[in-house]
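First the structure, which I've put down as structure tokens, then a few questions once you've had a look.
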Amino acid sequence: MASQTVGIQEFQENLASFLEGKQTLVITRQGETLGFFVPSHRSADRNAALERVQANAVEADALVQSWGASEEELMAEIESIRRAEREKSRNGG
């Protein structure tokens, strides 16, 4: 199943439906990727649940690779976004 890109506001407004869904989401703000939402549904069948998590992880890895970024570059970008957000909140923005 392919991932879906949603803005942070849409994600917040539709959180309940996304929590019930099966779609992996790429969450963005102003075109910048903030993170991923990978649903993990409760299941009496532990093996089926683990298979879903593994499939979602493979999909997330493929998405990151499609950007042409290494894991280190991705983590550095995430940290940069977090730092900017912390600084923005400290400055009242």
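The values are calculated or read from the model by the stated rules, or taken from the named source; none is laboratory data. This is a predicted model, so every value here is computed, not measured. Using ideal geometry, Cβ is built from the backbone for each residue, glycine included, and neighbour counts are taken over all protein chains shown.
Does residue 19 count as of a type outside the set (S, T, N, Q), assigned to a helix (DSSP H, G or I) and more than 15 Å from the chain's Cα centre (by Cα)?
Numbers: of a type outside the set (S, T, N, Q): yes; assigned to a helix (DSSP H, G or I): yes; more than 15 Å from the chain's Cα centre (by Cα): no.
Answer is no for this residue.
Continuing with the same structure: Please give the number of the condition residue 59 fails out of (1) of a type outside the set (Phe, Trp, Tyr); (2) surrounded by 14 or more Cβ atoms within 10 Å (Cβ to Cβ); (3) touching a Leu at 6+ places or on another chain (Cβ under 8 Å).
(3)
Can you confirm whether residue 53 is out of contact with any Gly (no Cβ under 9 Å at 6 or more places or on another chain), surrounded by 11 or more Cβ atoms within 10 Å (Cβ to Cβ) and free of Cβ contacts under 8 Å to residues at least 60 places away in the same chain?
Numbers: out of contact with any Gly (no Cβ under 9 Å at 6 or more places or on another chain): yes; surrounded by 11 or more Cβ atoms within 10 Å (Cβ to Cβ): yes; free of Cβ contacts under 8 Å to residues at least 60 places away in the same chain: yes.
Criteria met by residue 53.
I would also like to ask the following. Would you be able to say whether some residue in segment 22-41 is in a loop (DSSP other than H, G, I, E, B), under 13 Å from the mean Cα position of the chain (by Cα) and β-branched (Val, Ile, Thr)?
The answer is yes, given that some residue of segment 22-41 is in a loop (DSSP other than H, G, I, E, B), under 13 Å from the mean Cα position of the chain (by Cα) and β-branched (Val, Ile, Thr).
Let me confirm something: among 40, 89, which residue is surrounded by 10 or more Cβ atoms within 10 Å (Cβ to Cβ), out of contact with any Leu (no Cβ under 7 Å at 6 or more places or on another chain) and at pLDDT below 85?
Just one listed residue meets the conditions, 40.
How many of the residues in segment 1-13 are within 22 Å of residue 53 (Cα to Cα) and of a type outside the set (A, V, I, L, M)?
Qualifying residue count for the region: 4.
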